[in-house]
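The structure under discussion appears below in the form of structure tokens.
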Amino acid sequence: MDHEVALSIFRQSGALLEGHFRLTSGLHSPNYFQCAKVLQYPQHAEVFCRAIAERFRDEKIAVVISPAIGGIVVGQEVARLLGCRAIFAERENDAMTLRRGFEIVAGERCLAVEDVVTTGGSVKEVIALAQAAGAEVRGAAFIVDRSAGRAQFEVPFFAALRMEVVTYPPEACPLCAQGIAVVKPGSRKV
């Protein structure tokens, strides 16, 4: 996917935010990718998810798994494009779990997807969950990789858009030092 086209979609959707944000990882950043604002438009969701689906089409994926909440729409659309099932994991007692009757059959080829990764923590948890259920995890994919190459996975991974975005540990955040209020726009506590 063309970098400038992808950024244009984010800007046009009002999804590339500037300010002072606490990310799901706990890190702080002056920028935030609110993928939900892009994914509210099915034509944009299809553009990004088609790039993911095409990258993994030859893997014969049987199930796409995503962490709730941010990855649900991405997982659904990628699964539609691949012609397979879509399930999601939810956080229960601080651990990703399969609920709502979702299950993974041992040996199923699985793809883990997410909207945005910074550290990759949620995706790694979903991969571990799928592997513990006996899945053959064939890859991981995201709409946006904002990790600047820091997020690494034990499976092949792909991002429709890669952006190097500054992040800070809270104790070293210059925005905090300036007294700028931090905002937590993500879904971790939902």
Mean Cβ count within 10 Å, highest first, over the residues of peptides 48-56, 62-70: 62-70, 48-56
Neighbourhood charge, 15 Å Cβ-Cβ cut-off, centred on Glu77 and excluding it, Lys, Arg +1 and Asp, Glu -1: +1
Difference of contour (0.36 nm per residue) and Cα-Cα distance, Ala106 to Asn93: 2.2 nm
Between 0 and 90°, nearest 10: helix 3-12 axis offset from the chain longest Cα axis: 70
Isolated Cys in the chain, by beta carbon distance under 4.7 Å: Cys35, Cys49, Cys84, Cys110
Among [x] 22; [y] 27; [z] 33, the entry that matches percent of Cα pairs over 28 Å apart as calculated here: [x]
Distant-in-sequence amide H partners of His20 (H built 1.01 Å from N, under 5 Å): Val183
Dipole magnitude of the range 76-190, debye to nearest 20 (Cβ charges: Lys/Arg +1, Asp/Glu -1, about Cα centre): 200
For the chain, calculated [θ]222 nm from helices alone, where every DSSP H run of n ≥ 4 adds -39500 (n - 2.57): -8500 deg cm²/dmol
DSSP bridge orientation in the chain - percent antiparallel, rounded to nearest 5: 35
Whole-number percent relative contact order across the chain, with pairs defined as alpha carbons under 8 Å at least 6 apart: 24
For Ser66, residues with placed amide H under 5 Å, excluding near neighbours: Ile87, Phe88, Ala89, Val113
Estimated distance in nm for a label pair at Gln178 and Glu59, the labels positioned 7 Å out from Cα along Cα-to-Cβ: 3.9
Prolate/oblate/rounded call for the range 1-95, Cα gyration tensor, a/c under 1.5 rounded: oblate
3J(HN,Hα) from dihedral phi, the range 49-60, Karplus parametrisation 6.51/-1.76/1.60, rounded to Hz, x for glycine, proline: 6, 5, 4, 5, 4, 5, 5, 10, 4, 6, 7, 6
Karplus-derived HN-Hα couplings along the range 124-131 (A = 6.51, B = -1.76, C = 1.60, θ = phi - 60°), whole Hz, x at Gly and Pro: 4, 5, 5, 4, 4, 4, 5, 5
Amide H contacts of Glu136 (H built 1.01 Å from N, under 5 Å, at least 5 apart or other chain): Gly107, Glu108, Arg109, Cys110
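Every number in this text was worked out from the coordinates using simple rules, so none of it is lab data. Source: prediction; values computed, not measured. Heads up, the Cβs are rebuilt from the backbone with ideal geometry, glycines too, and the neighbour counts pull from every protein chain shown.
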